[in-house]
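Heads up: the structure comes next, in structure tokens.
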Amino acid sequence: MSRMSIRTFLVTAKRHLEQAIQSKGTASFVVGNESADLDSITCALVYGYLASSTAQARHDNHVVIPVTNIPTADLFLRPELTALLRHAGVKPDELITLDDLGDLPLPLSKADWTLVDHNALTGPLARHYGSSITAVIDHHDEENAVSSAASPRIIEKCGSCNSLVVNHLRSSWDDISSTSTSIGAANAQSSDGVIDDEAYTSTWDAQIAKLALGSVLIDTHNMTDESKVKDHDRKAVRYLEARINISHKYGKDYDRKTFFDEIDGAKKELDGLSLTDVLRKDYKQWTEGDQTVGIAAVVKPMAYLQAKVKKDEFVQTLVDFAEERKLQLFAVMTAFTSDSRDFERQLLLIALDCGDAKKAGEKFVKQASDQLKLEESEVNEAISDGSKLPLCKLWNQKNLGASRKRVGPLLREAMR
């Protein structure tokens, strides 16, 4: 197998998956978390592409299949993904999703999984492959769910998981680029409109770099959020921008702010989505004992969400969403720039039963209020319908550095 573009790689990986299923053979996968945000999806793409492009992998015809951890139908909820993929010459429907896996468990003699952007497999995949994790790269809290024998086993805090993936695979990437240039990587591929081997290699490298960089910039707000940006991110951004700038095709027009503004603008375009779709767009859930909590992250203020339904339907829509997913606790976290250009956060929490869920919610309020700097919001008409629930509270969250990565563990701790 020779060096190829990311688009050609996805075609090859999908074919490899189909052949493995048909022959009941073996397969290697890399998958991001169930929220399938930009970081998760692109981490899997970047890792799968680079791990499959080394000299050894090409010699062995070994393909690491990148799985986007949602059904194909949910890709439309992520306009920022479409915008970023365009920089790599890829369309959303060319990704490999849960639909391509089909019914689980897969009819394979053996399957191994690499986790990126999470360190504990969840959902249907966990029921069948929780013991098949051979590698993990993540930037969330350690959950001690992956064996110490996993290799690599990288769980470190930083703004974007892509930074860890890129830094880990940097030497492999350098080898891939230098080798493919020297042996003639192009092999008559001409879809990118370039004519020499070095141009092909630099173009493909820049496409991969843009996938990773776009996610890093989004997760760190263009490298300006000092509560998130770590040395891992700075190191990765320097490397990725060097890969872009050396490209004959992409380097001359690259500008970090312009690139960030394009992807960020697409991420905030929610006008065409229903309230339920907005909640689905960036959603995670966890189970502790016999209780399950879900958190929806949204890049618009609560008033924007309320305006998507009639005044007396807002809380009920949240309840319907939670009940459909069999949740006992449900939180909505908003993060947005106000009209005065200030960054703000809000947190809405509801409990759906009067027993353990209500107790867990009250415990969370007691334990986390100071840490998150929660200031109870004036109960407006839309939220007042929540008075019928065991617990329904809306806060202005003044700890602006505490994203879902922090609030999620605090809620889970309160449930134990």
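What whole number of Å gives the distance from the Cα centroid of the stretch 65-99 to the Cα centroid of the stretch 206-228?
About 18 Å separates the Cα centre of the stretch 206-228 from the one of the stretch 65-99.
Given the convex hull of the Cα atoms of the chain, what is a quarter of its surface area in nm²?
In nm², the orientation-averaged hull projection of the chain is 20.0.
How much length, in nm to one decimal, is gained on full extension between Phe76 and Lys366, taken as 0.36 nm per residue of separation minus their Cα-Cα distance?
100.5 nm
Give Lys249/Lys405; Lys157/Lys300; Lys267/Lys405; Lys268/Lys359; Lys252/Lys281 a once-over and call out the pairs whose C-alpha atoms are over 29 Å from each other.
Too far apart for the 29 Å limit: Lys249/Lys405; Lys268/Lys359; Lys252/Lys281.
To the nearest 20 debye, what charge dipole does the stretch 313-377 have about its Cα centre, counting +1 at the Cβ of each Lys and Arg and -1 at the Cβ of each Asp and Glu?
320 debye
Report the gain in length on full extension from Thr179 to Lys388: 0.36 nm times residue separation, minus Cα-Cα distance, nm rounded to one decimal.
Contour length minus the Cα-Cα distance gives 68.7 nm.
How many percent of all Cα-Cα pairs in the stretch 63-142 sit more than 17 Å apart?
Looking at the stretch 63-142, the distances longer than 17 Å represent 54 percent of pairs.
Starting from the 7 Å offset along Cα-to-Cβ, what nm value, one decimal, do you get for the label separation of Val11 and Ser377?
Rounded to a tenth, the inter-label distance reads 4.8 nm.
Calculate the dipole size of the chain relative to its Cα centre from +1 charges on Lys and Arg beta carbons and -1 charges on Asp and Glu beta carbons; express the result in debye to the nearest 20.
For this selection, approximately 400 debye.
How high is the relative contact order of the stretch 34-153, given as a whole-number percent (alpha carbon pairs under 8 Å, six or more residues apart)?
With pairs under 8 Å counted, the relative contact order is 20 percent.
Could you compute the FRET efficiency for Thr26 and Leu104, with r as their C-beta to C-beta distance and R0 at 22 Å, rounded to 0.05?
So, using R0 = 22 Å, E works out to roughly 0.85.
Kindly write out, for the stretch 126-140 in residue order, the coupling ³J(HN,Hα) from the Karplus curve 6.51 cos²θ - 1.76 cosθ + 1.60 (θ = phi - 60°), rounded to whole Hz, with x marking Gly and Pro.
Values, residue by residue: 5, 5, 10, 10, x, 9, 10, 7, 10, 7, 8, 9, 8, 10, 9 Hz.
Using Cα centres only, tell me the gap between the stretch 387-414 and the stretch 310-367 in whole Å.
Cα centroid of the stretch 387-414 versus Cα centroid of the stretch 310-367: 7 Å apart.
In the chain, what % of DSSP beta bridges are antiparallel (nearest 5)?
Bridges in the chain that DSSP calls antiparallel: roughly 50 percent.
So what is the relative contact order of the stretch 267-405, in percent, for Cα pairs below 8 Å that sit 6 or more residues apart?
22 percent.
Taking H as built 1.01 Å from N, whose amide H comes closer than 5 Å to the amide H of Thr97, not counting residues under 5 places away?
Thr68
Applying a 10 Å radius around every beta-carbon, put 116-128, 308-320, 248-260 in order of their mean neighbour count, most first.
The packing order, highest mean first, is 116-128, 308-320, 248-260.
Per 10 Å bin from zero, what fraction in whole % of the C-alpha pairs of the stretch 1-71 is there, up to the bin with the longest pair?
21, 52, 25, 2
Taking the Cα-to-Cβ direction at Gln316 and at Glu143 and moving 7 Å from each Cα, how far apart do the two end points lie in nm?
So the label points at Gln316 and Glu143 sit 3.4 nm apart.
Each reported figure results from applying straightforward, stated rules to the coordinates on display, with no laboratory input. Bear in mind the structure is a predicted one, so any value in this text is a computation, not a measurement. As a convention, Cβ positions derive from the backbone with ideal geometry for all residues, glycine included, and neighbour counts pool all protein chains shown.
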